[in-house]
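As structure tokens, the structure follows; a few thoughts come after it.
Bear in mind these aren't lab numbers, they're just calculated from the coordinates by the rules spelled out. Note that the structure is predicted; figures quoted are calculated from it, not measured. Positions of Cβ are backbone-derived with ideal geometry, glycine not excepted, and every protein chain shown enters the neighbour counts.
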Amino acid sequence: MVFCARYLDLFWNWLSYYNVIMKIIFIISSIAIVYTIRFGVPHKDTYNAEDDTFPYLYLIVPAAVLGVAINQDYGSPFEMIWAFSIYLEVLTRTRTRTLALALALALTLALT
């Protein structure tokens, strides 16, 4: 979702062949990774939807509000979407780091 929102300008902002190709590669690889995890063999067998219960709207809604409220050009929908992608990436990385720290703390306490 982050790359799709960030590289939406692919359709009207031409810089170079390299830039367009890299944006397409990022979008396709992101979609391929999600597809492989959810539907690809043998990875789909290890995916458990019951364990994947994080309420993702807690990340998307604040990122969308921040993207509309705080961006460089308030008249440009693309700037709002681009800011949304930046805020969404920050929030997801913060969540991942928090979970990693909690896991490290739990392992430390379990081993002592």
**Asked** Just the C-alpha atoms of the chain: what Rg/Rh do they give, with Rh taken as the Kirkwood radius?
**Response** 1.07
**Prompt:** Taking neighbour counts of Cβ atoms within 10 Å as a proxy for exposure, in what order, fewest first, do MET22, MET80, MET1 appear?
**Reply:** MET22, MET1, MET80
**Request:** Compute the projected area of the convex hull of the Cα atoms of region 54-112, averaged over all viewing directions, and report it in nm² to one decimal place.
**Result:** 4.4
**Complete:** Helix-only [θ] at 222 nm, the chain, -39500 (n - 2.57) per DSSP H run of 4+, per residue, nearest 500, equals -23500 deg cm²/dmol
**Message:** Loop-only trypsin sites (Lys or Arg not before Pro) in region 11-56, please: DSSP not H, G, I, E or B, and at most 11 other Cβ atoms within 10 Å.
**Reply:** none
**Message:** With an 8 Å Cα cut-off and a minimum separation of 6 or more residues, compute the relative contact order for the chain in percent.
**Reply:** 28
**Prompt:** So for the pair PHE39, VAL20, with labels modelled 7 Å out along Cα→Cβ, what separation do we get in nm?
**Reply:** 2.8
**Request:** Within region 1-55, list the chymotrypsin sites (Phe, Trp or Tyr not before Pro) lying in a DSSP loop whose Cβ has at most 16 other Cβ atoms in a 10 Å radius.
**Result:** TRP12, TRP14, TYR47
